[in-house]
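Here is the structure we will look at, set down as structure tokens.
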Ligand code: AMP
């Protein structure tokens, strides 16, 4: 496995791979890798001749006052995870390598990025879409792997790739959880012991939402209230949202019908946790 720091070098090695007829799978990450990331790398290794993992904490997707400086970093451990999962290349550029001058060109998807996370982190998805577009242009993958943990991010990236005719298949992968149901996240290390004890309530809130839909509830507000009742137990956190929405538009549109996505976000003292799950209202 090779660790590569510059855009010119990763382009050169991947040009060679493509010229040799090897398909390239790509897993973009911000590092501090856990089993959720590893599952994406394994999915890529299974379907592609070569797999590239990027490790880059992207300043563009952090707003003023968010955790850019404190975001956990451990490149040696990340390299070991990538190697263990069968990756071929780790692309770990510096901020200066990625953004040698201030960025003037921004990719935004103001429709799908607007609700939910977009209301709480208004500049976030433009930062994500811009860096993912840039990474796609550097890596030139056939397939790129994203976790359903960040459901709205998958929607934004899928839409961007379709709208801009990017020659890449965006592959969503299932959420990997701790044994008590908490979705794995690099930011879970920020939780205090007391907050960590309350964090599985996000998953339980989603279960309550799913049960309500399974029992025939079609009023989004009632499903959201069922989730909110469970989240009220997370007394150390503030609920940003508990939403029951159409899985692809992410915007409520009357009674629930067809594919539904349940999404929750809770802000604890330092960690802001998000989680989601799907169900069908038929
Ligand atoms: P991040 O490093 O947090 O930017 O995440 C990089 C990729 O890993 C994104 O596509 C995430 O959705 C995905 N990911 C993060 N946590 C999980 C998880 N618990 N299960 C599956 N994928 C995840």
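Measuring between their Cα centroids, region 72-128 and region 164-203 lie 16 Å from each other. Compute the FRET efficiency between residue 18 and residue 222 as 1/(1 + (r/R0)^6), taking r as their Cβ-Cβ distance and R0 = 41 Å, and round to the nearest 0.05. Computed FRET efficiency for residue 18 and residue 222 comes out at 0.20. Spin-label model, residue 6/residue 108: points 7 Å from Cα along the beta carbon direction are separated by 3.5 nm.
Of all DSSP bridge pairs formed entirely within the chain, close to 50 percent run antiparallel.
Here r is the Cβ-Cβ distance between residue 229 and residue 63 and R0 is 45 Å; the resulting FRET efficiency, rounded to 0.05, is 0.90. At an R0 of 35 angstrom, the distance between the Cβ atoms of residue 214 and residue 192 translates into a FRET efficiency of 0.55. Relative to the current alpha-carbon distance between residue 96 and residue 280, full extension at 0.36 nm per residue lengthens the span by 61.7 nm. Considering only 130, 51, 192, give the residue with the highest GNM mean-square fluctuation for the chain, with springs between Cα atoms whenever their separation is below 10 Å. Checking each option, the largest mean-square fluctuation is seen for 192. Pick out which of 139, 107, 95 has the largest mean-square fluctuation in a Gaussian network model of the chain, springs linking Cα atoms closer than 10 Å. Between 139, 107, 95, it is 95 that shows the largest mean-square fluctuation. Short-range pairs are left out: with C-alpha atoms under 8 Å and at least six residues apart, the relative contact order of the chain is 17 percent. Rg over Rh for region 1-111 works out to 0.99, both radii taken from alpha-carbon positions and Rh defined as the Kirkwood radius. Equivalent-ellipsoid semi-axes for the chain (Cα gyration tensor, √(5λ), whole Å, largest first): 33, 20, 18.
Can you give the Rg to Rh ratio for region 138-275, taking only C-alpha atoms and Rh from Kirkwood? Rg/Rh for region 138-275 comes to 1.01. Within region 234-250, whose backbone N sits under 18 Å from a point 7 Å along Cα→Cβ of residue 267? So the set is 234-243.
When the Cα centres of region 1-20 and region 214-280 are compared, how far apart do they sit, in Å? What the calculation gives is 42 Å, centre to centre.
Every read-out reported here was derived from the displayed coordinates using simple, explicitly stated rules and does not represent laboratory data. Predicted model, so just to flag it, every value in this text is computed and none were measured. Virtual Cβ from ideal backbone geometry, glycine too; neighbours counted across all protein chains shown.
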